[in-house]
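Shown next, in structure tokens, is the structure this report addresses.
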Amino acid sequence: MRFTEDVRLGVRALRREPGFCCAAIFTLALSIAANTSVFTVVKSILLEPLAMKRPQELVALQSLRPDGTRYPFTIPFFLELRRRNQVLADAAAYGGWNANLTGEADPERLPGVRASGNYFGLLGVQAEIGRLLEPKDDEPGQPKVVVITDGFWRRRYGGDPAAIGKPIRLNNEAYVLVGVLPPSFSFKTAGQELAVPLSPATDPWRNVWTSTAFLRVFGRLKSGVTPAEAQAGLSSVAAGLRREYPEANAMITGIEAVPLQQDLTGGSRTMLLVLMCAVGLVLLIACANLSSLMLARAAKRQKEMAIRVALGATRWSVARRLLVESLLLFAAGGISGIVAAQWGVWLLLSVMPAELPRFREVRLDWVVLSAAAGATMLCGLLFGSIPAMRAPADLNDALRADGRGSTAGPGRSRVRALLVILEASLSLVLLAGAGLLLKSFDRLMALDPGFRASGVTTFRLALPSTRYKTAAPVVRFHDRLRQRIEVLPGVMAAGATSILPLSGPMAASDFTIVGNPPATGREKPTAQYRMVDAAYFRAMGIPIRNGRGFADSDTQSSPAAVVISESLAGLYWNGANPIGSRLRMEDNSVGPREVEVIGVAGNVREMSLEEGATPCVYVAMAQIPQDVVRFLTNNMFWAIRTNARLDVTSAVRREIRDLDGDVAAVPGTMQQYVSKAVATRRFTLGVLTAFALAALLLAAGGLYALVAYSTAQRRREFAVRIALGARPKDVAGLVLRQGLVLAAAGVAIGAAAAWGCSRFAASLLFDVSPQDPAAIGSAAALLLAVAAAACYVPARRAVRADPVEALRAE
């Protein structure tokens, strides 16, 4: 009953101050909604176990190179690794595979995978409808089958169960749709929508140890085996394969085995934890702000509480009533925040990069809601108890207070000052973090990627493999399409390549320099491998630094030629002129083929903007060996440089359709590729900046409230000073000094905290020291400037005080 009475009286007291209540509840609701939303993402991606059978037993495998880089596997290496290992119960593999969906309206390019038949069974994934791939699907002579994602099933077939069993044409070949993946499942690469059997027994590279390494492998540990033991056992198998096939496996120094969940989420872990810490600091600042406001509110009620004590109430009952009012505010703010969290999660997902792992698994659940409710009540108890503990201790002093109700004693003032200092220091930590990310982002965007993205329209084509099996029809299609595109109005240049910079795919090739062979197999040079036409460098704005680029005369009947990048020339020619050098390229299964270096192209950041210039070998598209034709048919990128204000997408689509109606084309721009390359950094910067600005506003509001309250309490003092001849600027200086001293104390503490904590976010920075003095100094200057602005209004109010009215009120 006593608690019920306290709640009833608390509600009535709060209703008398609707402005204070609305501001407090709004502040809490936003803070709690932000915390709940971010924690939902962190829990779903980092903490929630994978929706698979015994996910703790799953490990991702990669081969290790001498320089520490990690690579996928070739088909024969995977098959032998699976057969010889003693630490895995089973292993599965998959590789990227793109298909043209034809026979249903316009051709559509579908990103997907070729997966071993045990892929889904090893993961423990069950079909939503139909069945998934099975080991028998890998056997020769079996019908071609395909499984699709839930999203594609609903988009293309309207979620109709009758679609199961129907034929579907992929790359102009007939497949049978046998199953749909559950909605919770997503492939590691965003956007992949289907899976077909790997069928290694029928693959032309089944026994070619020097073939392209494109398979991602994972396995299930045997009972009692740890990832470290698996890594040692698999590395021993790799050593044996290196001895048996030294030419093909000389660069493989071992096998890395890491938990599958770590492999999926490792790249986003630091970013998500930093955001979780940031939003937690915002909640602390909001709670400190609210506690400071409640202290000021309690100070105005000192006389009321003193009268209650004089009439027989205990000091505990008065303190309890204040605590109940605080808890009511926190409860209202918490409930509002939890309700708003659903929109917060939606907002985060709408701006979150699609490449973020487990993106589709993010959802608000009862665990998150329970954690949010618990955190709200904990904050209410911790920060709401501060005003309660400051209940009137001296009854006589409280009763002697004047009608303005002002007895905010020195203890209460010190507590409010400490809370303001806390807000300022935490705000500075967030501002410094946002400043570091902003400086890092600016430096990243100021880099020269090696190409000119502005005005370049792109197309990614997939040619039906049944009709483009050899180089001749591929080159013929390319030549005819280029002729059509180049005559379109506004087109300045049109070039093709197997992989555009920053587009995602990778392809590397080993080579040796004739006359300068490596001492050992492990020292054999490797470079990224690109097939380009004669107009590619001009279309992309990549300069030729030395020699010449490709010409239309570089055909199968002319001497084989390559262009190398500046970075590759610097690595292996040591300042000498590489023009005229001969390389033995290992880009085919027949044996190394000899080519001549005819030019040196400018450096290009192929893989990411963060990495340095990529050592690269460019081969003439008209001279490609048969073994790489299949890669080119699945990945023919076009770069079309036009007038920046001209959109040629529709016209190019029309030319492609007229030339071959079964070729799927995905349009885009180079600016989109650049934007996608920095999407995660932009997301992190945007969210952290929003949190930092919110923290800054809360800290400024807390400082303003404290200085304004203190100024109101000292109005008689200021009136006397003015009456005795004090200049307005001296009175304003007193007010400003009070606020700026508190802000400066917060800046000092916050700068030390930012200096110590920023190293934890070092992996999110680019070309910026975690303890960058300029970033921390700029954050401090901004905080002090906002603090001065927050103190300006109370200072003006103090200067304009009328001495006669103030003294008459006494």
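Selection of region 215-248 for residues being open to solvent by less than 40 Å² (accessible area, probe 1.4 Å), in contact with a helix residue (DSSP H, G or I) (Cβ under 6 Å, 6 or more places away or on another chain) and over 13 Å from V59 (Cβ atoms) yields L215, V237, L241.
Of the residues G450, G490, which single one is under 18 Å from Y618 (Cβ atoms), small (G, A, S) and either modelled with pLDDT under 95 or open to solvent by 60 Å² or more (accessible area, probe 1.4 Å) (or both)? Answer to the check: G450.
For the residues R584, R593, R641, R630, the requirement of being of a type outside the set (V, I, T), open to solvent by 10 Å² or more (accessible area, probe 1.4 Å) and touching a helix residue (DSSP H, G or I) at 6+ places or on another chain (Cβ under 6 Å) singles out R641. Are any residues in region 159-186 at pLDDT 85 or above, in contact with a Phe, Trp or Tyr (Cβ under 9 Å, 6 or more places away or on another chain) and over 22 Å from P143 (Cβ atoms), and if so, which ones? Residues satisfying the conditions are G159, F185. Listed here are the helices (runs of 4 or more DSSP H) enclosed by region 221-332 that have at least 3 residues being modelled with pLDDT under 85: 246-249, 260-300, 302-310. Only a single item in (1) open to solvent by less than 10 Å² (accessible area, probe 1.4 Å); (2) out of contact with any Asp or Glu (no Cβ under 8 Å at 6 or more places or on another chain); (3) among the aliphatic types (A, V, I, L, M) is not met by A496, and it is number (2).
In summary, A551 fulfils each of the numbered conditions (1) in contact with a helix residue (DSSP H, G or I) (Cβ under 6 Å, 6 or more places away or on another chain); (2) free of Cβ contacts under 8 Å to residues at least 24 places away in the same chain with the single exception of condition (1).
Do we find a residue being open to solvent by 20 Å² or more (accessible area, probe 1.4 Å), more than 30 Å from R443 (Cβ to Cβ) and touching a Lys or Arg at 6+ places or on another chain (Cβ under 8 Å) anywhere in region 566-581? No, that holds for no residue. Set side by side, the residues G733, G756, G746, G702 differ, and just one is farther than 19 Å from L430 by Cβ, open to solvent by less than 40 Å² (accessible area, probe 1.4 Å) and either part of a helix (DSSP H, G or I) or modelled with pLDDT of 85 or more (or both), which is G733. Residue check: V196 meets all listed conditions (1) in contact with a Gly (Cβ under 8 Å, 6 or more places away or on another chain); (2) farther than 16 Å from R114 by Cβ but one, namely (2). Against the test of being free of Cβ contacts under 8 Å to residues at least 12 places away in the same chain and charged (D, E, K, R), the options R605, R593, R645, R653 yield a single qualifying residue, R645. Got at least one residue in region 102-111 being in contact (Cβ under 8 Å) with a residue 24 or more places away in the chain and within 26 Å of V225 (Cβ to Cβ)? No, there is no match, as no residue in region 102-111 is in contact (Cβ under 8 Å) with a residue 24 or more places away in the chain and within 26 Å of V225 (Cβ to Cβ). Scanning region 644-653 for residues that are surrounded by 13 or more Cβ atoms within 10 Å (Cβ to Cβ) and in a helix (DSSP H, G or I) turns up T649, A651, V652, R653.
Yes/no matrix, rows are residues, columns are (1) over 26 Å from the mean Cα position of the chain (by Cα); (2) surrounded by fewer than 21 Cβ atoms within 10 Å (Cβ to Cβ); (3) within 29 Å of L275 (Cα to Cα):
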| position | (1), (2), (3) |
| --- | --- |
| L46 | no, yes, yes |
| Q56 | no, yes, yes |
| V59 | no, no, yes |
| R65 | yes, yes, no |
| R70 | no, yes, yes |
| I75 | yes, no, no |
| L88 | yes, no, no |
| N98 | no, no, no |
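The single condition among (1) open to solvent by less than 10 Å² (accessible area, probe 1.4 Å); (2) out of contact with any helix residue (DSSP H, G or I) (no Cβ under 7 Å at 6 or more places or on another chain); (3) among the hydrophobic types (A, V, I, L, M, F, W, C); (4) modelled with pLDDT of 90 or more that L110 does not meet is (4).
For every residue, the table says whether it meets (1) open to solvent by 60 Å² or more (accessible area, probe 1.4 Å); (2) among the charged types (D, E, K, R); (3) without any contact (Cβ under 8 Å) to a residue 40 or more places away in the chain; (4) part of a strand (DSSP E or B).
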residue	(1), (2), (3), (4)
R155	yes, yes, yes, no
R169	yes, yes, no, yes
T189	yes, no, no, no
V196	no, no, no, yes
A213	no, no, no, no
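Being in contact (Cβ under 8 Å) with a residue 12 or more places away in the chain and part of a helix (DSSP H, G or I) is the filter here; which residues of region 556-571 pass it? Hits for region 556-571 are E566, S567, L568, A569, L571. Just one of the listed residues (R443, R530, R538) is more than 20 Å from T649 (Cβ to Cβ), touching a strand residue (DSSP E or B) at 6+ places or on another chain (Cβ under 9 Å), open to solvent by 40 Å² or more (accessible area, probe 1.4 Å) and basic (K, R), and it is R538.
Select from region 455-476 the residues that are open to solvent by 10 Å² or more (accessible area, probe 1.4 Å) and of a type outside the set (S, T, N, Q) and list them in ascending order. Scanning region 455-476 gives G455, R460, R467, Y468, K469, A471, A472, P473, V475, R476. Note on region 341-362: residues that are outside any helix (DSSP H, G or I) and aliphatic (A, V, I, L, M) amount to 4. Residue-level check: of (1) open to solvent by less than 60 Å² (accessible area, probe 1.4 Å); (2) closer than 24 Å to D150 by Cβ; (3) at pLDDT 85 or above, P353 misses just (3).
Residue by residue, here is whether (1) surrounded by 14 or more Cβ atoms within 10 Å (Cβ to Cβ); (2) at pLDDT below 75; (3) within 30 Å of A761 (Cβ to Cβ) holds:
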{"residue": "D365", "(1), (2), (3)": "no, no, yes"}
{"residue": "A372", "(1), (2), (3)": "yes, no, yes"}
{"residue": "A388", "(1), (2), (3)": "yes, yes, no"}
{"residue": "P392", "(1), (2), (3)": "yes, yes, no"}
{"residue": "T407", "(1), (2), (3)": "yes, yes, no"}
{"residue": "P410", "(1), (2), (3)": "no, yes, no"}
{"residue": "L419", "(1), (2), (3)": "yes, no, yes"}
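Would you mind stating whether A665 is touching a residue at least 24 places away in the same chain (Cβ under 8 Å), open to solvent by less than 10 Å² (accessible area, probe 1.4 Å), of a type in the set (G, A, S) and part of a strand (DSSP E or B)? Considered against the rule, which asks whether it is touching a residue at least 24 places away in the same chain (Cβ under 8 Å), open to solvent by less than 10 Å² (accessible area, probe 1.4 Å), of a type in the set (G, A, S) and part of a strand (DSSP E or B), A665 comes out as no. Just for region 131-153: of the residues that are outside any loop (DSSP other than H, G, I, E, B) and of a type in the set (D, E, K, R), which one is surrounded by the fewest Cβ atoms within 10 Å (Cβ to Cβ)? Checked region 131-153; the qualifying residue surrounded by the fewest Cβ atoms within 10 Å (Cβ to Cβ) is K136. Taking region 460-474 on its own, how many of its residues are free of Cβ contacts under 8 Å to residues at least 60 places away in the same chain and aliphatic (A, V, I, L, M)? Going through region 460-474 one residue at a time, the tally reaches 1.
Filtered by the rule that a residue be open to solvent by less than 80 Å² (accessible area, probe 1.4 Å), within 21 Å of E611 (Cβ to Cβ) and either in contact with a Cys (Cβ under 6 Å, 6 or more places away or on another chain) or not aliphatic (A, V, I, L, M) (or both), region 764-773 gives F766, S769, P770.
The values are calculated or read from the model by the stated rules, or taken from the named source; none is laboratory data. Just so we're clear, the structure is a prediction, and the values are computed from it rather than from any experiment. Glycine also receives a Cβ, built like all others from the backbone with ideal geometry; neighbour counts cover every protein chain displayed. Note: areas computed on protein heavy atoms with side chains; ligands, DNA, RNA excluded. Shrake-Rupley method; radii C 1.70, N 1.55, O 1.52, S 1.80 Å.
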